[in-house]
1. If you count the DSSP beta bridges with both ends in the protein assembly as shown, what percent of them are antiparallel, to the nearest 5?
2. Can you tell me the FRET efficiency between B:Glu207 and A:Asn276 if r is taken as the Cβ-Cβ distance and R0 is 56 Å, rounded to the nearest 0.05?
3. Kindly write out, for the stretch A:298-315 in residue order, the coupling ³J(HN,Hα) from the Karplus curve 6.51 cos²θ - 1.76 cosθ + 1.60 (θ = phi - 60°), rounded to whole Hz, with x marking Gly and Pro.
4. Rounded to the nearest 0.05, what FRET efficiency do B:Asp123 and B:Lys304 give with R0 = 35 Å and r taken as the Cβ-Cβ distance? Could you check?
5. 7 Å along Cα→Cβ for the label point: how many nanometres lie between A:Glu50 and each equivalent label in the other copies, listed shortest first?
6. By the gyration tensor of its Cα atoms, with a ≥ b ≥ c the square roots of the eigenvalues, what is the shape of the stretch B:255-350: rounded for a/c under 1.5, prolate for a/b over b/c, or oblate?
7. What whole-number distance in Å separates the alpha-carbon centres of the stretch A:1-69 and the stretch B:48-114?
8. Quick one: 3J(HN,Hα) in Hz for the stretch A:133-143, Karplus 6.51/-1.76/1.60 with θ = phi - 60°, rounded, Gly and Pro as x.
Protein chains: 2
Amino acid sequence: MKKHNFSAGPSILAQEVIKKAADAVLNLNDSGLSLIEISHRSADFVSIMEKAQNLVKELLSVPDGYSVLFLQGGASTQFLAVAYNLLKVDGKAAYLDTGAWSAKALKEAKLFGEVEIVASSKDKNHTYIPKGYEIPADASYLHLTSNNTIFGTQIKEFPTTNVPLVCDMSSDIFSRKIDVSKFDLIYAGAQKNMGPAGTVLVIVKDEALGKSGRQIPSMLDYQVHASKDSMFNTPPVFAIYTSMLTLEWVKALGGIDAIEKINEEKAALLYNEIDNNPHFNGVANKEDRSLMNVTFTLADESEKELFDSLAKEAGLSGINGHRSVGGYRASIYNAMPIESVQALVDVMKKLNK
Amino acid sequence: MKKHNFSAGPSILAQEVIKKAADAVLNLNDSGLSLIEISHRSADFVSIMEKAQNLVKELLSVPDGYSVLFLQGGASTQFLAVAYNLLKVDGKAAYLDTGAWSAKALKEAKLFGEVEIVASSKDKNHTYIPKGYEIPADASYLHLTSNNTIFGTQIKEFPTTNVPLVCDMSSDIFSRKIDVSKFDLIYAGAQKNMGPAGTVLVIVKDEALGKSGRQIPSMLDYQVHASKDSMFNTPPVFAIYTSMLTLEWVKALGGIDAIEKINEEKAALLYNEIDNNPHFNGVANKEDRSLMNVTFTLADESEKELFDSLAKEAGLSGINGHRSVGGYRASIYNAMPIESVQALVDVMKKLNK
């Protein structure tokens, strides 16, 4: 039976990406060697790294003066690297608290200096995105989390400010148009829209670096990685290769414009059902609803057993909500076909007969 | 033509490991889902993680009271994590300088406190392992690099001392018997003897942790990772799975005792040729020769073109020496079959006709 993979991450990848990745593990470009046993200094891998970096630049129209890095340690390591690199000694960092991942990010920054939370959605269990908050003009940066996987909220409009913007885009990068020039630093773990777990993308404005006044350990120093083209140490070869394949796939689909349109259609299909089917309630504020993670609950909890068994029967996988929210979460990342969203909607409709 | 892959790392893996890894990328355990698109919290992946950890414990006879972690960021990240976790505030760390990797490790430690180099082989371009050095009794730890890939040297006997021992075993772990109980901390990047690039193994004595007096960022805190069974953040799923396959393969071969014997035979075959063929010279001190990385030079540099073309003809790949040593380096890790070593020896013999 076909599985519909709604996992929040690591998550669904395009079938052709999976096939090509498996092929390369067996034999890379007919070289007679596996992707995972060649030197990262080999011409084959150097060209993979370059291709991946160039695809990021092309798909997101990254302006000159930014470095594109593929690193390790996930977004969680960037939580501290951001502060090490950008939070000035005796300075202050501003954070918008939109959920669990924002909270983790600011917890690490506190080890390096003062942290001001400019606004928080904690009062309503993070079901909305705060707006109209004041940003302290003397902050080293303002940190945002663009999409909140757990709660199903997404920042639709980024603030305009003179304070440098830093954004964790782990769960919605490459899903919609963004203006990279608004940000000093963007980072994103691969395992939602970009590839398998094991690499993290960093896009950083070169002139923002080297100014924190801190002695930064080499592996956390973006300048070190930029100066070595992400090859300061052995990079995670497989994760970068598979990310490159995913970016090629996005490009072939028509780039970010095209994928954004598809994502809007998929999300509309599901949110329409939530809004029109009395058996379900949406979790997130309507205007802040995520196009990537759709959270909803049953109006009547006693229907849980029935709904779960219908979902299982239909091959729906990974739709349980996070324990801090309950209910259901359908993650409908780039690689999720609309047919799978329809399969979920069909199951929801069965409760409404 | 069959390639003989002497790459220093990422490096050769067993063919059956490569095949199984590719299969799992397509379809994990007949689940209908790819290894790289399932949740790391799924039963499938949790059991992979447990199996990998248990295989490490079994193969190395890890005593009780140690945690086995699979992390990200390579050995290079451990260079700083070691200091963060173990170098006491106002304390001193002792380092044995046996080459480029030792130097990188101690450079990061210097950001955290005093570093004393107990001995260095720099005077002879790291072609030997210093012995008989004094270890300061008040050091937080003594850091060693067990095998030096670039220079082809290996520590045959670890010092006996009351100072906690920390060892970077990136390039010889699982290649020979070691007494884990002698060490407070062992770390090893996967991409030589354990798997593909993208994960690093850490074996740490639990009671050694939590004593540095430092506030440690979560992602660098071994206690955090140990308390979450290496699942504090999304782990590098593919790299851990393929490492697990490699450890299964080592076990099936007969474990470390068996593989050590094979490694000794392979190394002896190659070192015998170096010693008996007047066209070649060994680089490393005989008593310190690595069983993993065999470094040698041509006695007469004018034969380089001939030797290189014969090597290419025979399908030998990755035998160029590191630029800081020159000459040749044959990396003959666990997965390298003796037939490939013989193929290299056969080419060497052709110069001696």
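Just so it is clear, none of the values below were taken in a lab; they were calculated from the coordinates. Computed from a predicted structure; not experimentally measured. Every residue, glycine as well, gets a Cβ built from its backbone with ideal geometry; the counts of neighbours run over all protein chains shown.
1. Here the share of antiparallel DSSP bridges comes out near 55 percent.
2. The computed FRET efficiency comes out at 0.40.
3. 3J(HN,Hα) across the stretch A:298-315, in whole Hz: 7, 5, 10, 4, 5, 8, 4, 4, 4, 4, 4, 6, 5, 5, 5, 4, 7, x.
4. 0.80
5. 4.7
6. prolate
7. 29
8. Coupling constants for the stretch A:133-143: 7, 8, 10, x, 5, 9, 5, 5, 6, 10, 9 Hz.
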